[in-house]
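Structure, as structure tokens:
Laboratory data are not the source of any read-out in this text; all were calculated from the coordinates shown. Because the structure is predicted, anything quoted here is derived from the model rather than measured. Note that we place each Cβ from the backbone using ideal geometry, even for glycine, and neighbour counts take in every protein chain shown.
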Amino acid sequence: MNRYEFRPLFGDTDAMNVVYYGNYLRYFERGRAELMRAGGGAYADLAAQGLHLPVTEAHVRYQSPARYDDPLVVSTKVAWVKRASLRFDYLITRKTSAAGEETLVSGYTVHGCVSTEGKISPLPNWLVDVARAYVSESAG
């Protein structure tokens, strides 16, 4: 599991000072990017190979709101890896003390690998290796 810590910007919130619900998908994206970076790769590496990972499915479960400047953590892992697709699982928590965290949001995104022309393409070997390094213990 990869962990990324950040604080929401004022512009991430709505009139009630609550993080706008759609921004959690951006936070998921940041979690994916940081997981790939920690594994030694990056989205830019995919693009350089003429490949992309569009989202084909997304699920978000909201449990408690985040607010401007809350100390948040996005924990990201990989649920499964197939020939031309993979699924990332996310947990967003708020730090409540030096050791404590409160769950705010959980969810997942499924991605297919496609060429620049939009044709399904196998995941590159380097990305398969990165993803497998972060496959959750409970995944089959």
Pair list, Cβ < 7 Å and 6+ apart or interchain, from the range 79-95 residues that are crowded, with 17+ Cβ neighbours inside 10 Å to residues that are aromatic (F, W, Y) and assigned to a strand (DSSP E or B):
A79/Y108; L86/W80; R87/W80; R87/Y108; F88/Y108; D89/Y108; Y90/Y108
Restricting the range 43-76 to residues that are among the small types (G, A, S) and in contact with an Asp or Glu (Cβ under 9 Å, 6 or more places away or on another chain), which is farthest from L25 (Cα to Cα)?
G50
Restricting to the range 38-84, count the residues that are of a type outside the set (D, E), in contact with a helix residue (DSSP H, G or I) (Cβ under 9 Å, 6 or more places away or on another chain) and assigned to a helix (DSSP H, G or I).
3
Please work out if G118 is free of Cβ contacts under 8 Å to residues at least 12 places away in the same chain and over 22 Å from V135 (Cα atoms).
yes
